[in-house]
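**Q** Attaching a single structure in structure tokens format; questions to follow.
The values are calculated or read from the model by the stated rules, or taken from the named source; none is laboratory data. All values derive from a computational prediction rather than experimental measurement. Neighbour counts run over all protein chains shown; Cβ positions are idealised from the backbone, glycine included. Note: accessible area is taken over every heavy atom of the protein model, side chains too, but ligands, DNA and RNA are not part of it. Shrake-Rupley method; radii C 1.70, N 1.55, O 1.52, S 1.80 Å.
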Amino acid sequence: MGRPPTPAQSRTLADVLRGTARRRGDHPALVEGDTTTTWSALDAAVDAVASGLRASGLVPGDRVGLALGTTTGGVQAYLAAARAGLVAVPVNTSLTTGEVARVLADSGARAVLTGPVAVAQVRNAVAGVADALTDPPPDLAGRAVPEVVVEGTSALPGESTYADLLATRAEPDDDAAGGEDLAVLLYTSGTSGRPRGAMLSHRALLANLEQLMGLDPAPMREDDVVLGLLPLFHVYGLNAVLGLVVRTGATLVLCPRFDAADALQLVRERGVTNLPVAPPVLVSWAGRDDLPEAFRSVRLVVCGAAALPASVVEELTTATGVPVHEGYGLTEAAPVVSTTLASPHPRAGTVGRPVPGVEVRLVDDDGRPVEDGDPGEILVRGPNLFSGWWPDGEAAPDKDDGWYATGDVALWDDEGDLVLVDRVKELVIVSGFNVYPREVEDVLLEVPGVAEAAVIAVPHPRTGEAVKAFLVAAPDAQVGVEAVLEHCRERLARFKQPAIVEFVETLPHTGAGKIAKGRLREREKRAAGLV
């Protein structure tokens, strides 16, 4: 096969894996329970899965759903998709069956790989895809029902198993994809109010890894033992964690399901040195008596995906002596834009400075640079940016100058660090996951007796933000909070469900008749004593 490509020469993350396997072959790559996989073994397994995918009839550019969770099989499948030139479509298994069906149908996935945890949901979702394609709307015309491939469980008629996949072979093709070719479709809520696929190219993913490695110190080293707690269906876990582990040759300790005590025990038992997490994890650990002992091996904590209370940062740092670094990113940036690792004096409450190779500027409503200290919308430019929304590239970075408007609002503080203020968009971010109010409101209006609904974000100590719903009941209707919540549990993923439901007599409206959510937000701030 010749010499493996260097990271700078690599066309895909699977190429990077090839080089890491040559360099660190006998070093542990993945640890899951009692099973350890070396870098050489991982590379060989990725070869085998990629070969089976190609032999099954999939061709470069085909989309393949991945519903395997944060597991060894999930890592293998993602890297194998890259090696086979396929487009990975990670599936958030906390979505409802209908939501999963929509992702599979919208992406046009030709196959979906799944395992015991999600197989029932995937089967039901695939049946939903078949129903949707019987009389498809224009945006689904010409799509196919995906084939189900199951790992670790028996297949039903019409399905395949991993054994079937691995029994078929095709010649490998390390040049099947790269550069501007799509690597992954990551579904997140967009301005349409329903999940849309962010198109991330191999170029974007690899660029962000090199940008992160350009930091001094870098956020990951080859001797690190990294906790793999973040889900692989989220860009943070997929690229900023797994991608960096492959890039550096560190060891990833997989933790498929989060429990505060169990995860902390894993940190202690495996000698974890590097903790990339989201705020709910640190909130759940704050104040635990066993935290200092568990953190004896930890050298670095990096937190992202949502706002982290400054009080939690102070408590954890005081208890453990380990600094907590925060950052700002988004799916469209693959994902990291800024981090306190880039700041000479990291401070809680900021998200640091842009990583090398990423430019940030703040503009007002007219697109003009804001005055020093004033808030403005964040514009980002760099090779790590996405290619737009699937399938036509809508909202891609400006072709003339490369800038992308994020919809987030921030200011530069006196030290030159970025401080997030608000969002232009009305998205609610729950534990790093986007919730679009319109989607929730449409479900709320399905409840008999609900005449009007408005959803806004409210602060939450564990998830950063939570969904709050204001409802107006129809005249003489008998509808209660529990009935509303029960309906939402049936129709929405858990992170999208309202944490608070409040019935009000009326909702404020603008002169044009739209619900004035700004007034609702001001009311919440007054109630919390913030204004």
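**Q** Calculated from the structure, Kirkwood radius over Cα pairs in Å equals which of (1) 26.3; (2) 24.1; (3) 25.3?
**A** Given (1) 26.3; (2) 24.1; (3) 25.3, the structure-derived one carries the label (2).
**Q** Give, as a single signed number, the net charge of other residues whose beta carbon lies under 13 Å from the beta carbon of Asp413, with Lys and Arg counted +1 and Asp and Glu -1.
**A** Computed value for this residue: -3.
**Q** Same structure again: Compute the signed sum of charges (Lys and Arg +1, Asp and Glu -1) over the other residues within less than 13 Å, Cβ to Cβ, of Val64.
**A** Local charge sum for Val64: +2.
**Q** Turning to a different aspect of this structure: Set the Förster radius R0 to 41 Å, insert the Cβ-Cβ distance between Glu180 and Ala310 as r into 1/(1 + (r/R0)^6), and round the FRET efficiency to 0.05.
**A** Rounded to the nearest 0.05, the efficiency is 0.50.
**Q** While we're here: Rounded, prolate or oblate: pick one for region 54-184, where a ≥ b ≥ c are the square roots of the eigenvalues of its C-alpha gyration tensor, a/c under 1.5 means rounded, and failing that, prolate if a/b is larger than b/c, else oblate.
**A** Working: a/c = 1.58, a/b = 1.20, b/c = 1.32.
Because a/c hits 1.5 or more and a/b fails to exceed b/c, region 54-184 counts as oblate.
**Q** Among Arg296, Arg489, what's the order by accessible area (1.4 angstrom probe), most exposed first?
**A** Descending accessible area places them as Arg296, Arg489.
**Q** Label-point separation (nm) for Arg347 and Ala120, each offset 7 Å from Cα along Cα-to-Cβ?
**A** 5.2 nm
**Q** Would you list Asp364, Asp106, Asp374, Asp175 from the most to the least accessible area, probe 1.4 Å?
**A** If we order Asp364, Asp106, Asp374, Asp175 from most to least accessible, we get Asp175, Asp374, Asp364, Asp106.
**Q** Once you place label points 7 Å from the Cα toward the Cβ at Arg169 and Ala396, how far apart are they in nm?
**A** 3.9 nm
**Q** Same structure, new question: What does the net charge come to around Ala14 if you take all other residues with beta carbon closer than 14 Å to its beta carbon, with K and R at +1 and D and E at -1?
**A** So the surrounding residues net to -1.
**Q** Can you give the accessible area of Phe495, probe radius 1.4 Å, in Å² rounded to 10?
**A** Counting only protein heavy atoms, Phe495 exposes about 30 Å² to solvent.
**Q** Once you keep just the Cα pairs under 8 angstrom separated by 6 or more residues, what percentage relative contact order results for the chain?
**A** Relative contact order comes out at 11 percent.
**Q** Hey, what's the chain come to in accessible area per residue, 1.4 Å probe, Å²? Before the final figure, lay out the partial values.
**A** Details: 22350 Å² over 531 residues.
For the chain, the per-residue accessible area is 42 Å².
**Q** At a 1.4 Å probe, what is the % contribution of carbon and sulfur to the accessible area of the chain?
**A** Details: 11270 of 22350 Å².
Looking at the chain in its full context, I get 50 percent from C and S.
**Q** Another one. Heavy atoms of the protein only, probe of 1.4 Å, neighbouring chains included. What is the accessible area of Arg381 in Å², nearest 10?
**A** We get 70 Å² for Arg381.
**Q** Once you order the gyration tensor axes a ≥ b ≥ c over the Cα atoms, which shape class does region 1-109 get: rounded for a/c under 1.5, otherwise prolate or oblate by comparing a/b with b/c?
**A** oblate
**Q** Turning to a different aspect of this structure: Assuming R0 = 25 Å, what is the FRET efficiency of His509 and Ala405, from their Cβ-Cβ distance, to the nearest 0.05?
**A** Here the calculated transfer efficiency is 0.35.
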